[in-house]
Amino acid sequence: MIFNNNHDNAIHRKRNKALGVPELIAIALGGMVGGGIFTILGISVSMIGVFTPVAIILGGIIATLAAYSYIKLGVYYKDEGATYSFYKKTFPNSPFAASLIGWWVIFGYISTIALYAYTFASYAISASDFANNEWARKGVAGVVILTFTLINVWSVKGMGKIEDIMVYTKLVILVVISFVLINNSQTTLPVLLQNHNDVHGSINVLSILIVASITFVAYEGFQLVINAVNEMDNPEKNIPKAIYSAIFLAVLIYVIISLGAVLAIPFEEIIQNKEYALASGAGNILGRWGTDLVILGALLATSSAISGTLFGASRQVTVIAKDHYLPEFLAGRINNIPVFAIISMATLAFLLVLAGSLELILEFGSVTFILVSLLMAYANFKIRKLTHSSSVLTILAFLGLLSGAILILYYELTYQPQQMLFIAGLYALLTLGAWLYSRAQDS
């Protein structure tokens, strides 16, 4: 259709630019379904077996509670700086609070880049002779981080096109994988439940809650919708619609895949090959094409998550650096691309890959995002009258997230004390860095 009226043309262009609910849901799903299920499946099954889908649903409930405060603050502030900006504006007289949330958020994103790179590498070499070689895995993780660092530094437009292709392709593949596994079930849920009760006794609710908390990082990404607030119509309605819908769809996808996995793949195999459990199981059931399909899905999922996280988080780094809560050189741009922020985040992510295991990176990421979400719930409670938030829901969200953080710490202290020391050391360094930069602001 050709518009002769200039006013109509302007309206038409504006509507074409605006992001609607379907596009916003795609943004959130692109961030959430970014390799999470490939990462958490083996670890979950090794801890709670047949109850993995239950833990995934509970993790989704925790994510929904976390999303409540993000949504209320996002609608109130309408600031694309999201987490960092919300906290800084809610506590304007506390430089340390702003600095701390900035450091925690950015290093949370760095941990997810490391997590997805590690998972990418595990699946990439799963069909080779180096499948269980830890240093080969870390080397491939470094290569994929370098690849998407170069893509992000090279071209925003190029990155955007590659990202679109990866996001939509991975969702199609994940759906196919889910139904193929379910159609090739080797057992039934009643049989699995009976076997679990025979071997382990009655259900251990505490273990399920711990796994739900540990796997919280699989839902990280819904807040990316808020970063697009300047590109959407009617944020008051579209932000909550998009985020709640995306979390529901993510839970649905994760539950179907995990259900298919526990029904079709022997637990021993999932646990033995937990870094690439789906590929190994699909190969035994469906042959080479099944393995290749799962590997392709995992590589696309993790690639899109690495690229998207580098893109979005690096922009947030520049905002924090401009406020002098991070080294000022990180605010620099070349051709409007935050090159120094991208390279710095990628380097730190690779160092985390070198330093830690899959479990350590996963648990550090989950603890970080639970703590950040906890702070968002606290901020929302402080200005609940301005954001028109329910005191009951806000307190419930705070208590749910606090419980999740305590459960992870309990698990670490009980079963992984050395890992706990490493994570505690990272937090001590982050808090020290945040404090030093906030002191500089005070002076």
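The values are calculated or read from the model by the stated rules, or taken from the named source; none is laboratory data. Bear in mind that the values here come from a model prediction, so they are computed numbers and not experimental data. Heads up, the Cβs are rebuilt from the backbone with ideal geometry, glycines too, and the neighbour counts pull from every protein chain shown.
One residue is enough: does region 173-180 have a residue meeting the conditions over 22 Å from Ala298 (Cβ atoms) and surrounded by fewer than 17 Cβ atoms within 10 Å (Cβ to Cβ)? No, the conditions are met nowhere in region 173-180.
Out of Leu409, Leu401, report the one residue that is crowded, with 22+ Cβ neighbours inside 10 Å, assigned to a helix (DSSP H, G or I) and within 20 Å of the chain's Cα centre (by Cα).
Numbers: Leu409 fails: crowded, with 22+ Cβ neighbours inside 10 Å.
Result: Leu401 is the single residue among Leu409, Leu401 that is crowded, with 22+ Cβ neighbours inside 10 Å, assigned to a helix (DSSP H, G or I) and within 20 Å of the chain's Cα centre (by Cα).
Selection of region 305-355 for residues being among the basic types (Lys, Arg) and touching a Ser or Thr at 6+ places or on another chain (Cβ under 8 Å) yields only Arg333.
Which helices (runs of 4 or more DSSP H) does region 32-90 wholly contain that include 1 or more residues that are modelled with pLDDT under 85 and over 21 Å from Ile320 (Cα atoms)? Counting at least 1 such residues, we get 36-48.
Here Glu23 meets the list (1) over 20 Å from the mean Cα position of the chain (by Cα); (2) farther than 25 Å from Ala321 by Cα; (3) among the acidic types (Asp, Glu) almost entirely, failing just condition (1).
Is it the case that some residue within region 208-217 is over 18 Å from Gly42 (Cβ atoms) and either over 26 Å from the mean Cα position of the chain (by Cα) or touching a residue at least 40 places away in the same chain (Cβ under 8 Å) (or both)? Yes, region 208-217 contains a residue that is over 18 Å from Gly42 (Cβ atoms) and either over 26 Å from the mean Cα position of the chain (by Cα) or touching a residue at least 40 places away in the same chain (Cβ under 8 Å) (or both).
Got at least one residue in region 362-372 being within 19 Å of the chain's Cα centre (by Cα), in a helix (DSSP H, G or I) and aromatic (Phe, Trp, Tyr)? Looking for residues that are within 19 Å of the chain's Cα centre (by Cα), in a helix (DSSP H, G or I) and aromatic (Phe, Trp, Tyr), one finds at least one in region 362-372, hence yes. Taking the conditions exactly as written (at pLDDT 85 or above and farther than 30 Å from Val251 by Cβ), does Ala121 satisfy them or not? No; evaluated as a whole, the condition is false for this residue. When the residues of region 305-324 are filtered to those that are out of contact with any Pro (no Cβ under 8 Å at 6 or more places or on another chain) and not hydrophobic (A, V, I, L, M, F, W, C), the one that is surrounded by the fewest Cβ atoms within 10 Å (Cβ to Cβ) is Lys322. When every residue of region 343-355 is checked against the conditions, at least one turns out to be at pLDDT below 90 and either of a type outside the set (Lys, Arg) or surrounded by fewer than 24 Cβ atoms within 10 Å (Cβ to Cβ) (or both). Look through region 57-95, keep the residues that are buried (at least 22 other Cβ atoms within 10 Å of the Cβ) and of a type in the set (Phe, Trp, Tyr), and return whichever of them is nearest to Ile208 (Cα to Cα). So, considering only residues that are buried (at least 22 other Cβ atoms within 10 Å of the Cβ) and of a type in the set (Phe, Trp, Tyr), the one nearest to Ile208 (Cα to Cα) is Tyr68.
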